[in-house]
Amino acid sequence: MFRINYQSIFFAARPVDFRKSINGLYGEVKNTLGADPQSGSLFVFTNKRRDALKLLFWEDDGFWLLYKRLEAGTFELPLVAVGTSSVSISYGQLQWILAGVELSSISLRKRYKKAS
């Protein structure tokens, strides 16, 4: 297993047409999310049925496109504010989504967080 070295993770608010591959998702990142696809961030997209995810990531000299389709069930998506095109999520949240954890029932315990 490899470990992606990413800047941040952005989950697209709206589902995309999963016939799109790297070039189509590149356009979604630039035009819909208003971000730079080569920024080093990981961009996560879902389909309308929420049974598949695509992750787009730039690494030094090319793009990675990761695709996961569930044989049964759906992915629970993070809450996105109305009018926004994406939400920033943590690596832990992405792992929970991929593992099928129900996000609404998770409560995180208080931890120190350095002010930025």
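Among the residues of segment 7-17, is any touching a Gly at 6+ places or on another chain (Cβ under 6 Å) and not in a helix (DSSP H, G or I)?
Yes: segment 7-17 contains one or more residues that are touching a Gly at 6+ places or on another chain (Cβ under 6 Å) and not in a helix (DSSP H, G or I).
Go through (1) exposed (fewer than 10 other Cβ atoms within 10 Å of the Cβ); (2) touching a residue at least 60 places away in the same chain (Cβ under 8 Å); (3) among the aromatic types (Phe, Trp, Tyr) one by one and return the number of the condition TYR112 breaks.
(2)
Can you tell me which residue is surrounded by the fewest Cβ atoms within 10 Å (Cβ to Cβ) among those in segment 18-73 that are in a loop (DSSP other than H, G, I, E, B) and touching a helix residue (DSSP H, G or I) at 6+ places or on another chain (Cβ under 8 Å)?
Within segment 18-73, the match that is surrounded by the fewest Cβ atoms within 10 Å (Cβ to Cβ) is ASP36.
Those residues that are on the phi < 0 side of the Ramachandran plot, loosely packed, with under 14 Cβ neighbours inside 10 Å and either over 15 Å from the mean Cα position of the chain (by Cα) or hydrophobic (A, V, I, L, M, F, W, C) (or both), I need them from segment 75-92; list them, please.
Matches in segment 75-92: LEU79, ALA81, VAL82.
May I ask you to list pairs of residues, at least six apart or on different chains, whose Cβ atoms are under 7 Å apart, with the first in segment 29-42 being charged (D, E, K, R) and the second being part of a loop (DSSP other than H, G, I, E, B) and surrounded by 14 or more Cβ atoms within 10 Å (Cβ to Cβ)?
LYS30/PRO37
Values in this text are rule-based calculations from the coordinates and carry no lab data. Just so we're clear, the structure is a prediction, and the values are computed from it rather than from any experiment. We place every Cβ from the backbone using ideal geometry, glycine too, and count neighbours over all the protein chains shown.
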